[in-house]
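Below is one structure, written out as C-alpha coordinates; the observations come after it.
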Amino acid sequence: MLTSSHILIGAVAASRPNMRWWHIFLAWVGGFAPDASIFLMVVYSRLVNGPGVDLWNNPGGLYWQEPWQTYSAISNSFPLWGAVLLCGLLLYRYSVKHKPLGVVILIFGIGYFLHISVDFVTHADDAHVQFWPFSDWRFNSPVSYYQREYYGQIFSVLEMIMGLSIVAYLVLKFRRWPVRIAAVLMAIPYFISLMLHF
(Lines give C-alpha, C1' and ligand atoms only; values in the text may rest on other atoms or scores of the structure.)
Protein backbone atom coordinates (compact mmCIF):
# COMPACT_ATOMS: atom_id res chain seq x y z
CA MET A 1 0.00 0.00 0.00
CA LEU A 2 0.96 3.63 -0.27
CA THR A 3 2.73 4.91 2.81
CA SER A 4 -0.06 7.46 3.30
CA SER A 5 -2.57 4.58 3.56
CA HIS A 6 -0.48 2.90 6.24
CA ILE A 7 -0.26 6.18 8.17
CA LEU A 8 -4.03 6.66 7.95
CA ILE A 9 -4.73 3.09 9.07
CA GLY A 10 -2.43 3.60 12.06
CA ALA A 11 -4.12 6.91 12.84
CA VAL A 12 -7.65 5.52 12.78
CA ALA A 13 -6.79 2.28 14.60
CA ALA A 14 -4.51 3.57 17.36
CA SER A 15 -5.57 7.14 18.12
CA ARG A 16 -8.66 8.78 19.55
CA PRO A 17 -9.71 12.46 19.61
CA ASN A 18 -9.36 12.69 23.41
CA MET A 19 -5.76 11.45 23.47
CA ARG A 20 -2.77 13.64 24.20
CA TRP A 21 -1.32 15.17 21.06
CA TRP A 22 1.87 13.16 21.22
CA HIS A 23 -0.07 9.90 21.57
CA ILE A 24 -1.94 10.80 18.39
CA PHE A 25 1.39 11.63 16.73
CA LEU A 26 2.79 8.23 17.81
CA ALA A 27 -0.08 6.40 16.09
CA TRP A 28 0.72 8.20 12.84
CA VAL A 29 4.46 7.54 13.22
CA GLY A 30 3.78 3.85 13.91
CA GLY A 31 1.95 3.62 10.60
CA PHE A 32 4.88 5.26 8.81
CA ALA A 33 7.86 3.65 10.55
CA PRO A 34 8.19 0.35 8.59
CA ASP A 35 8.74 2.40 5.41
CA ALA A 36 11.41 4.62 7.01
CA SER A 37 14.26 2.49 5.61
CA ILE A 38 12.82 2.88 2.08
CA PHE A 39 12.72 6.67 2.39
CA LEU A 40 16.25 6.63 3.82
CA MET A 41 17.43 4.51 0.87
CA VAL A 42 15.90 6.92 -1.65
CA VAL A 43 17.48 9.96 0.02
CA TYR A 44 20.83 8.17 0.32
CA SER A 45 20.81 7.12 -3.34
CA ARG A 46 20.00 10.63 -4.53
CA LEU A 47 22.75 12.19 -2.40
CA VAL A 48 25.43 9.61 -3.20
CA ASN A 49 24.54 8.33 -6.69
CA GLY A 50 22.39 11.07 -8.19
CA PRO A 51 18.96 10.72 -9.79
CA GLY A 52 19.78 8.05 -12.40
CA VAL A 53 20.43 5.05 -10.13
CA ASP A 54 18.17 1.99 -10.45
CA LEU A 55 16.30 1.53 -7.18
CA TRP A 56 13.59 -1.05 -7.70
CA ASN A 57 14.29 -3.53 -10.50
CA ASN A 58 15.07 -7.02 -9.23
CA PRO A 59 17.87 -8.11 -8.85
CA GLY A 60 20.00 -5.10 -9.83
CA GLY A 61 18.11 -2.32 -8.05
CA LEU A 62 19.52 -0.78 -4.91
CA TYR A 63 16.49 -1.97 -2.88
CA TRP A 64 17.53 -5.59 -3.52
CA GLN A 65 21.12 -5.02 -2.35
CA GLU A 66 22.65 -5.00 1.11
CA PRO A 67 22.34 -3.35 3.57
CA TRP A 68 18.87 -2.34 2.37
CA GLN A 69 17.47 -5.88 2.31
CA THR A 70 18.56 -6.36 5.92
CA TYR A 71 17.01 -3.04 6.93
CA SER A 72 13.80 -4.06 5.16
CA ALA A 73 13.78 -7.46 6.88
CA ILE A 74 14.22 -5.87 10.32
CA SER A 75 11.59 -3.23 9.57
CA ASN A 76 9.02 -5.80 8.47
CA SER A 77 9.72 -8.68 10.87
CA PHE A 78 6.60 -10.23 12.40
CA PRO A 79 8.58 -11.96 15.19
CA LEU A 80 10.47 -8.81 16.15
CA TRP A 81 7.59 -6.36 16.08
CA GLY A 82 5.16 -8.90 17.47
CA ALA A 83 7.48 -9.20 20.49
CA VAL A 84 7.57 -5.40 20.83
CA LEU A 85 3.77 -5.27 20.74
CA LEU A 86 3.55 -8.08 23.30
CA CYS A 87 5.96 -6.22 25.62
CA GLY A 88 3.76 -3.14 25.38
CA LEU A 89 0.68 -5.19 26.22
CA LEU A 90 2.37 -6.86 29.20
CA LEU A 91 3.60 -3.52 30.58
CA TYR A 92 0.16 -2.00 30.15
CA ARG A 93 -1.68 -4.91 31.78
CA TYR A 94 0.68 -5.98 34.55
CA SER A 95 2.91 -3.06 35.57
CA VAL A 96 1.60 -0.07 37.45
CA LYS A 97 4.96 1.69 37.32
CA HIS A 98 5.53 1.13 33.61
CA LYS A 99 1.93 1.34 32.41
CA PRO A 100 2.50 4.70 30.62
CA LEU A 101 5.41 3.15 28.71
CA GLY A 102 3.14 0.24 27.82
CA VAL A 103 0.57 2.68 26.43
CA VAL A 104 3.24 4.37 24.28
CA ILE A 105 4.51 1.05 22.93
CA LEU A 106 0.96 -0.15 22.21
CA ILE A 107 -0.05 3.02 20.35
CA PHE A 108 3.09 2.95 18.22
CA GLY A 109 3.06 -0.84 17.88
CA ILE A 110 -0.54 -1.12 16.69
CA GLY A 111 0.11 1.23 13.77
CA TYR A 112 3.40 -0.49 13.06
CA PHE A 113 2.04 -4.05 13.16
CA LEU A 114 -0.97 -3.17 11.02
CA HIS A 115 1.41 -1.74 8.43
CA ILE A 116 3.50 -4.88 8.11
CA SER A 117 0.39 -7.08 8.20
CA VAL A 118 -1.18 -5.24 5.27
CA ASP A 119 2.15 -5.35 3.40
CA PHE A 120 2.18 -9.12 3.83
CA VAL A 121 -0.93 -9.47 1.65
CA THR A 122 -0.28 -6.64 -0.85
CA HIS A 123 3.27 -7.33 -2.07
CA ALA A 124 3.64 -9.82 -4.92
CA ASP A 125 7.12 -10.24 -6.45
CA ASP A 126 8.50 -7.47 -4.24
CA ALA A 127 7.56 -9.19 -0.96
CA HIS A 128 9.47 -8.52 2.25
CA VAL A 129 11.29 -11.08 4.38
CA GLN A 130 8.72 -10.94 7.18
CA PHE A 131 9.85 -13.78 9.41
CA TRP A 132 13.38 -12.46 10.02
CA PRO A 133 15.56 -13.63 11.81
CA PHE A 134 14.08 -17.13 11.71
CA SER A 135 13.52 -17.44 7.98
CA ASP A 136 14.26 -15.65 4.70
CA TRP A 137 10.99 -16.95 3.18
CA ARG A 138 8.84 -14.43 1.32
CA PHE A 139 5.11 -14.67 0.78
CA ASN A 140 4.48 -13.60 -2.82
CA SER A 141 0.90 -12.43 -2.56
CA PRO A 142 -1.47 -12.93 -5.51
CA VAL A 143 -2.47 -9.27 -4.97
CA SER A 144 -0.24 -6.24 -5.42
CA TYR A 145 -1.06 -2.73 -4.34
CA TYR A 146 0.35 -1.35 -7.62
CA GLN A 147 1.28 -4.03 -10.20
CA ARG A 148 -1.36 -4.42 -12.93
CA GLU A 149 -0.63 -8.12 -13.43
CA TYR A 150 -1.54 -8.70 -9.77
CA TYR A 151 -4.79 -6.69 -9.71
CA GLY A 152 -2.97 -3.46 -8.85
CA GLN A 153 -5.40 -1.26 -10.78
CA ILE A 154 -8.39 -2.64 -8.91
CA PHE A 155 -6.61 -2.55 -5.57
CA SER A 156 -5.44 1.04 -6.01
CA VAL A 157 -9.05 2.19 -6.55
CA LEU A 158 -10.21 0.31 -3.43
CA GLU A 159 -7.25 1.70 -1.50
CA MET A 160 -8.11 5.24 -2.56
CA ILE A 161 -11.74 4.81 -1.46
CA MET A 162 -10.59 3.44 1.90
CA GLY A 163 -7.98 6.18 2.37
CA LEU A 164 -10.31 9.04 1.50
CA SER A 165 -12.95 7.56 3.83
CA ILE A 166 -10.42 7.57 6.68
CA VAL A 167 -9.43 11.15 5.81
CA ALA A 168 -13.09 12.20 6.03
CA TYR A 169 -13.49 10.37 9.35
CA LEU A 170 -10.39 12.01 10.86
CA VAL A 171 -11.43 15.49 9.68
CA LEU A 172 -14.91 15.04 11.18
CA LYS A 173 -13.90 13.37 14.45
CA PHE A 174 -10.73 15.23 15.41
CA ARG A 175 -11.15 18.87 16.35
CA ARG A 176 -7.44 19.65 16.37
CA TRP A 177 -6.47 21.49 13.22
CA PRO A 178 -2.99 19.92 12.90
CA VAL A 179 -4.65 16.48 12.72
CA ARG A 180 -7.19 17.67 10.18
CA ILE A 181 -4.54 19.31 7.99
CA ALA A 182 -2.28 16.25 8.19
CA ALA A 183 -5.22 14.01 7.21
CA VAL A 184 -6.02 16.14 4.16
CA LEU A 185 -2.35 16.10 3.12
CA MET A 186 -2.44 12.29 3.26
CA ALA A 187 -5.04 12.37 0.46
CA ILE A 188 -2.63 13.91 -2.07
CA PRO A 189 -0.74 10.67 -2.92
CA TYR A 190 -4.01 8.99 -3.98
CA PHE A 191 -4.59 11.52 -6.71
CA ILE A 192 -0.96 11.34 -7.84
CA SER A 193 -1.23 7.53 -7.96
CA LEU A 194 -4.49 7.77 -9.88
CA MET A 195 -2.87 9.96 -12.53
CA LEU A 196 0.07 7.55 -12.88
CA HIS A 197 -2.10 4.41 -13.16
CA PHE A 198 -4.74 5.60 -15.60
Practice problem: Of all residues in segment 24-73, count the ones that are charged (D, E, K, R), at pLDDT 90 or above and assigned to a helix (DSSP H, G or I). | Solution: 1
Self-check item: Selected residue (only one of V96, V84 is under 21 Å from the mean Cα position of the chain (by Cα) and without any contact (Cβ under 8 Å) to a residue 40 or more places away in the chain)
Solution: V84
Self-check item: Matching option when the condition is among the hydroxyl-bearing types (S, T, Y), open to solvent by less than 80 Å² (accessible area, probe 1.4 Å) and more than 27 Å from V167 (Cα to Cα), among S15, S37, S45
Solution: S45
Practice problem: Would you point out the residue of segment 147-176, among those that are more than 26 Å from H23 (Cα to Cα) and among the hydroxyl-bearing types (S, T, Y), that is least open to solvent (accessible area, probe 1.4 Å)? | Solution: S156
Quiz prompt | Pairs with Cβ under 8 Å, 6+ apart, first in segment 134-146 and touching a residue at least 12 places away in the same chain (Cβ under 8 Å) and open to solvent by less than 70 Å² (accessible area, probe 1.4 Å), second assigned to a loop (DSSP other than H, G, I, E, B) and of a type in the set (A, V, I, L, M) | solution = F139/A127; S141/A124; S141/A127; V143/A124; S144/A124; Y145/M1; Y145/L2
Quiz item: So which pairs qualify, if the first residue must be in segment 110-123 and open to solvent by less than 40 Å² (accessible area, probe 1.4 Å), the second must be in a helix (DSSP H, G or I) and among the aromatic types (F, W, Y), the Cβ gap must be under 6 Å, and the two must be at least 6 apart or on different chains?
Solution: Y112/W81
Self-check item: Test: residue in segment 130-142 that is farther than 28 Å from V84 by Cα and in contact with a Pro (Cβ under 6 Å, 6 or more places away or on another chain)
Solution: no
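The values are calculated or read from the model by the stated rules, or taken from the named source; none is laboratory data. None of the values given here were measured: they were computed from a predicted structure. So basically every Cβ, Gly included, is an ideal-geometry build from the backbone, and we count neighbours across all protein chains shown. All accessible areas refer to the heavy atoms of the entire protein, side chains included, with ligands and DNA or RNA removed. Shrake-Rupley method; radii C 1.70, N 1.55, O 1.52, S 1.80 Å.
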